[in-house]
Amino acid sequence: MSVKLDSKIPGGSIDEKWTKHKFNMKLVNPANKRKHSVIVIGTGLAGASAAASLGELGYKVKAFCVHESPRRAHSVAAQGGINAAKNYQNDGDSVYRLFYDTVKGGDFRAREANVHRLAEVSVNIIDQAVASGVPLAREYGGLLSNRSFGGSQVSRTFYARGQTGQQLLLGAYSSMMRQVDLGTVELYTRREMLDLVVVDGKARGVIIRNLLTGEIESHEADAVIVASGGYSNVFYLSTNAMACAVTAAWKAHKKGAYFANPCYTQIHPTCIPVHGENQSKLTLMSESLRNDGRVWAPAKQGDKRTANEIPDAERDYYLERVYPSFGNLAPRDVASRQAKYRVDEGHGALGEKAVFLDFRDSIKRLGEDKVAERYGNLFQMYEKITGENPYKQPMRIFPAPHYTMGGLWVDYNLESTIPGLFVAGEANFSDHGANRLGASALMQGLADGYFVLPYTISNYFANTKLEKITTTNDAFKHAANETQNDLNKFLSVKGSRTVESFHKELGHIMWEKCGMARDKAGLTEAISKIQNLRKEFHSNVNVPGEGKGINNELEKAGRVADFIELGELMCRDALVREESCGGHFRSEHQVDGEAKRDDEKFCHVAAWEWNGSADKTQTRHQEELTFENVHLATRSYK
């Protein structure tokens, strides 16, 4: 039986909802804030900014990260920039235009109210970042600089060369560490969340494994925030760091938090292509490069000549040809599919699975020094990895898994279907629909942590009676025992296959059957293969070592087990959604190679409920989406 999901969107006009909601939410006075505790899982942009903000307000915060330092969170890898509707360029930008571009970019599969709030608070994020000392790029006269990103015809992206994520993370990290020094935030490094503890229907704590000692720890709190990032590593090869996992979100899902739109995954169009069978991750080349770089493929089928040997007349600048209005700054899902079409039709660069990203014309126009000033660290990274000089010859790029728009379902307050469990950043599903625009991930993570959660968590505390509990509660003991039993099972199988081999096989299935293009036959086959893979994993995996101390293989085993279960749900979600929208491209539903939505049947969020076992099919619930401000229309970037 389907449950009616209450998104708790406030009334009023779209531009007044958040302002009125902030006023109508209840407050907690400063003295009472000190009586409440919050656990934050993850210390990337969303987690670190949430921990810093809540600590600053006076709450007792415990923050957990899997790394030696929060500075290693994968937010550090974001390159190109962060969007904000400041309109410094006087080029027609506004809060409403950022809202419109984001709804359209997500192919009308996101909540209008959440997206408008994101656009509203975007302007505050830049002020916050500058106040935190983030060295955003500036024009010669000292004003903050902007550049363009895909899916937009204005320049609204603020940046710090090709290291924007790193600089913003250092800002959020500094703010959090100030609170650590003041004693309002306790930081726990090298810890992984392995279960959520629910008491009387509310999230009241977590079970943690100390990755250095192997010890299972219990921690209680009045609310829990999961800000653990996305799940692109389900594909094995992705642009994500190898420690990125779905585990924290998946454990919450198995305790009652619905998982929304898992099939909405983003394939980034500009990544360094796969080379060989022994690669463990892929490298992103920032979308910002498409400001000055031109994407093209050989016009002649099967042309294996080097780029510099192919004259202009025999080059197909296909994004400029197919999408003249947006050109090389077409959105990611669109640009990725067009690259795939060129390669599938035999027009790959050097006859390989790649297309060219060429800076020849920009270097002629601007000079090599100016191009190096904008993208020098990215060019250096490319040359280190490939041995090719992108100043002298075009880069070779190809799409790769990068970001996930799906995640735990949350309402307008970022609260999941478990009261007291809040979800922030990429771990939730809320703001990007079926396709995220470039430079919007950093914006969402910081918006959630700095500007949304401090209000909504206070409102939760003010409206909720919370009995005092400790980790001696039976729910904590049961969860800790279950966690230890699961770890012991992995160690006791002593099969013949490595964890890595299972992850690789899963990634291959997901990329081939649930990647850039999906169809009914392929998804049905993938579900069957993943079910068999899951059974073999639990009967034939080999996890060496023991549970005490550092055991990287044991860590990976738990993460891959969760990825296998998630992979099946992704394929099932993609199978049920009989339409194409954004990054979800069903080959049966297209018009001239473009996504064909079915608004009559699928203008909703799909939220999946765990039914107690991986052998039981999950229950699909729906949250209907309404569009009162940006009217439903077929996306066009031509």
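The values are calculated or read from the model by the stated rules, or taken from the named source; none is laboratory data. In this text, all values refer to a predicted model and were calculated from it rather than measured experimentally. Virtual Cβ from ideal backbone geometry, glycine too; neighbours counted across all protein chains shown. Just so you know, the surface numbers come from the protein's heavy atoms only, side chains and all, with ligands and any DNA or RNA stripped out. Shrake-Rupley method; radii C 1.70, N 1.55, O 1.52, S 1.80 Å.
When Gly142, Gly150 are screened for being of a type outside the set (Phe, Trp, Tyr), open to solvent by less than 50 Å² (accessible area, probe 1.4 Å) and free of Cβ contacts under 8 Å to residues at least 24 places away in the same chain, only Gly142 passes. For the range 153-241, the strands (runs of 3 or more DSSP E) that sit wholly inside it and include 2 or more residues that are open to solvent by less than 10 Å² (accessible area, probe 1.4 Å) and in the same structural domain as Asn413 (by TED's automatic domain parsing) are 155-158, 191-199, 202-210, 223-226.
Condition check: in contact (Cβ under 8 Å) with a residue 60 or more places away in the chain, more than 30 Å from Ser175 (Cα to Cα) and either in a helix (DSSP H, G or I) or outside the structural domain of Val103 (by TED's automatic domain parsing) (or both). Does Thr483 satisfy that? In short, yes. Residues in the range 292-305 include at least one that is among the acidic types (Asp, Glu), open to solvent by less than 60 Å² (accessible area, probe 1.4 Å) and closer than 25 Å to Ala439 by Cα. Specify the residue that is surrounded by the most Cβ atoms within 10 Å (Cβ to Cβ); the eligible residues are those in the range 34-68 that are part of a loop (DSSP other than H, G, I, E, B) and touching a Phe, Trp or Tyr at 6+ places or on another chain (Cβ under 8 Å). So, considering only residues that are part of a loop (DSSP other than H, G, I, E, B) and touching a Phe, Trp or Tyr at 6+ places or on another chain (Cβ under 8 Å), the one surrounded by the most Cβ atoms within 10 Å (Cβ to Cβ) is Thr43. Residues in the range 539-560 that are assigned to a helix (DSSP H, G or I) and open to solvent by 10 Å² or more (accessible area, probe 1.4 Å): 8 in all.
Do we have any residue at all in the range 101-112 that's farther than 24 Å from Gly44 by Cα, in contact (Cβ under 8 Å) with a residue 40 or more places away in the chain, in the same structural domain as Phe158 (by TED's automatic domain parsing) and open to solvent by 40 Å² or more (accessible area, probe 1.4 Å)? The answer is no; no qualifying residue exists. For the range 323-370, a residue qualifies if it is part of a helix (DSSP H, G or I), surrounded by 21 or more Cβ atoms within 10 Å (Cβ to Cβ) and among the small types (Gly, Ala, Ser), and the qualifying residues are Ala335, Ser336, Ala339, Ala349.
Within the range 343-386, being basic (Lys, Arg) and over 15 Å from Phe398 (Cα atoms) holds for Arg360, Lys364, Arg365, Lys370, Arg374, Lys384.
Among the listed residues Glu426, Glu373, Glu320, Glu383, which satisfies the condition of being assigned to a helix (DSSP H, G or I) and surrounded by 24 or more Cβ atoms within 10 Å (Cβ to Cβ)?
It is Glu426.
Among the residues of the range 465-510, write down those that are of a type outside the set (A, V, I, L, M, F, W, C) and open to solvent by less than 30 Å² (accessible area, probe 1.4 Å). Matches in the range 465-510: Thr483, Gly495, His503, Gly507.
Ile397: surrounded by 15 or more Cβ atoms within 10 Å (Cβ to Cβ), among the β-branched types (Val, Ile, Thr) and touching a Pro at 6+ places or on another chain (Cβ under 8 Å), yes or no? Here the answer is yes, as Ile397 does meet what is asked. Please verify whether Glu525 is closer than 20 Å to Ala243 by Cα and of a type in the set (Asp, Glu), treating the condition exactly as stated. The answer is no for Glu525.
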